[in-house]
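Asks: Below is a structure I'd like to ask you about.
Every number here is computed from the coordinates shown, using simple stated rules; none is lab data. Because the structure is a prediction, the values reported are computed rather than measured. Here the Cβ is made from the backbone with ideal geometry for all residues, glycine too, and neighbour counts use every protein chain on show.
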């Protein structure tokens, strides 16, 4: 299978080393039986229901650039001729819309699909169960912490008692003279 050259955009001139027009690169100017040739210059027919394929403009980039800049100038001129947009006035923003009920009003009707409503209820029940689990876990952690504090307090009292006994014994012994 022959390697097809990479096609270029229609507005960029094709590179001289490729030597094929865009239609040639895409295989639109060739017979079904012929391989890559540049001799056929008849425009290819578009499939039914599609607009005709535009001519290859890569050979005449200058005129295309002039047409694009002319169109750009026309668009700029039309934009400058447009009147400015009106600014919002206080009357427009302060007038409440009384045709639609506000969802924050008491007694406002909100329609929810039943399957969505049941999903919402399941989610809320699941969240409440998880909150209860977390509360129970925190209660257990608090009780464990309290019991640890009691144990640490008893250890501190044992250490203080041992220190007092050592100090008492040390005070009853005579000093060692060397």
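Asks: Once R0 is set to 35 Å, what does the formula 1/(1 + (r/R0)^6) return for the Cβ-Cβ distance between residue 126 and residue 149, expressed as a FRET efficiency to the nearest 0.05? Display every interim value, and only then the final one.
Replies: Values: r = 35 Å, r/R0 = 1.00.
It comes out at approximately 0.50.
Asks: Enter the mean projected area of the convex hull around the alpha-carbon atoms of segment 102-178, in nm², rounded to one decimal.
Replies: Reported value for the Cα convex hull: 12.0 nm².
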